[in-house]
Every structure is written in structure tokens, then in C-alpha cells.
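This report concerns only the one structure given below.
The values are calculated or read from the model by the stated rules, or taken from the named source; none is laboratory data. What you see is a predicted model; the values in this text were computed from it and never measured. Backbone-built Cβ (ideal geometry, glycine too); neighbour counts: all protein chains shown.
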Amino acid sequence: MFEDFRKQIDDSSFPDDQTEAPDLKTKIENTVYFLGMTPAQRFVLASMLLVITILLGVLFLLVTSKIVPPSLY
């Protein structure tokens, strides 16, 4: 009975940690980036879009006279 258990343990289908360890390079190469950009590039793009949106909003408020800049004497 115990011999059968020992045989099952020896013939186990668990992967060997040393032989099937994935390389870090292959993991990095297989990653899929959103629109082909790295996270840093996406952050810069999102920051630029935020600044442009704020500037356009302020310009729109100035054109429609909803806000008036302080006059210089």
C-alpha cells in the first residue's frame, strides 16, 4: 500500500522548478502594451491631455466672459 503511494509521488506530474522556470526576458517580450506604449509613455500622454483640456476650458470661459482676468493698472 505504501509502495503505491511512493510510486505515485515519484511519477508525479508536478513541474520541476529548476527546469521550467520562465525567463524574465521572455516574460517581458510577451507583454502586450496598450497602443504599443510603455506605462511611462501613457502617463506622459495622459498628463498632456489633462493640461490641454484645462487650457481649452479656461480659454472657453474667457471667450464667453464667464470669467474676467484681473486688469493691470
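Brief remarks on what is shown
- Selection status of Thr26, modelled with pLDDT of 85 or more and surrounded by fewer than 10 Cβ atoms within 10 Å (Cβ to Cβ): no
- Scanning segment 29-66 for residues that are modelled with pLDDT under 90 and charged (D, E, K, R) yields one hit, Glu29.
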